[in-house]
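What follows is a single structure, written as structure tokens, with notes after it.
The values are calculated or read from the model by the stated rules, or taken from the named source; none is laboratory data. This structure is a prediction, so every number in the text was calculated from the model and none was measured. Heads up, the Cβs are rebuilt from the backbone with ideal geometry, glycines too, and the neighbour counts pull from every protein chain shown.
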Amino acid sequence: MFSVSIEYKPGTPPRLHSYVEEQVRRTIICDACSRAAAVYGATSFCPYCGPRNVRVRVRDELAAQRRALSLFDHLPDDVREEARAAGVMDTAAADALENVVTLFGQFCREKFESIVAEASGILAKERPNVFQNLDDADRLFQDHAGKAIRAAVSADVWARLSTAFAKRHVLTHRGGVVDQRFLDRVPTSTLSVGQRLVVTRSDAEATLADLEDLLSAAF
């Protein structure tokens, strides 16, 4: 005269972004005004006194990239697998490598403008993103500031950074698809034209370390 039914509704796993927000939220102490501010990731601007020193800013942004890469170690197994399957881990590594070139360009431009009296006139004759090229940055600092960026680090570090910058070009301008220009710039690559470039976490972490070494040694 009666019946019993059972219905199973699987729960929804916690979303990745909630873990991301929790892990990257932090408090910074401004090096200029010594006031504290809560931020997500890295920040180039103090809410109390304005733009932050470029060296401190780049140092913090490198640390933020490392935190982003290590975030996956702290995720629950199911969420980590969800992120891996969706390609989030590979994307994070590629983003970190692309950010290395951006940070290098920002750092070098601000340093160049601060130490070279005629910087604006010199840079007006160069392409806007000239400092996103290692060789061009080295040329400008040698010619106008008496600094040899390349000589500040070992040949191995410079070669690894050159490869990373070439990878960034493929990621940014070729959608990650290898072209002949990349193979010409990185003759040791085992990839072929048309293959997709994959950046691993270890690749990204090594590039972050190499950039930090270069900037510390050269400036």
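Taking the stated definitions as given, is ARG196 among the basic types (Lys, Arg) and under 28 Å from ARG66 (Cβ atoms)? Walk me through how you get there before you give the answer.
Values: among the basic types (Lys, Arg): yes; under 28 Å from ARG66 (Cβ atoms): yes.
When the stated conditions are applied, ARG196 passes them.
Within the range 1-112, which helices (runs of 4 or more DSSP H) (wholly inside it) include 2 or more residues that are at pLDDT 85 or above?
The helices (runs of 4 or more DSSP H) meeting that bar are 54-70, 77-85.
Just need a number here: residues in the range 66-122 that are more than 26 Å from VAL54 (Cα to Cα), basic (Lys, Arg) and buried (at least 17 other Cβ atoms within 10 Å of the Cβ).
Matching residues across the range 66-122 total 1.
When both residues are 6+ apart or on different chains and their Cβ atoms are under 6 Å apart, which pairs have a first residue that lies in the range 164-175 and is farther than 11 Å from ARG196 by Cα, and a second that is among the basic types (Lys, Arg) and assigned to a helix (DSSP H, G or I)?
ALA166/ARG185
Does the range 129-136 contain any residue that is more than 13 Å from LEU214 (Cα to Cα) and not in a helix (DSSP H, G or I)? So that I can check it myself, show each step before the final result.
We begin by selecting, within the range 129-136, every residue more than 13 Å from LEU214 (Cα to Cα); these are 129-133, 135-136.
Filter again for not in a helix (DSSP H, G or I), leaving 129, 133.
Yes, there is a match, as at least one residue in the range 129-136 is more than 13 Å from LEU214 (Cα to Cα) and not in a helix (DSSP H, G or I).
If ALA209 passes every condition in (1) at positive phi; (2) in a helix (DSSP H, G or I) but one, which one does it miss?
So ALA209 meets the others, but not (1).
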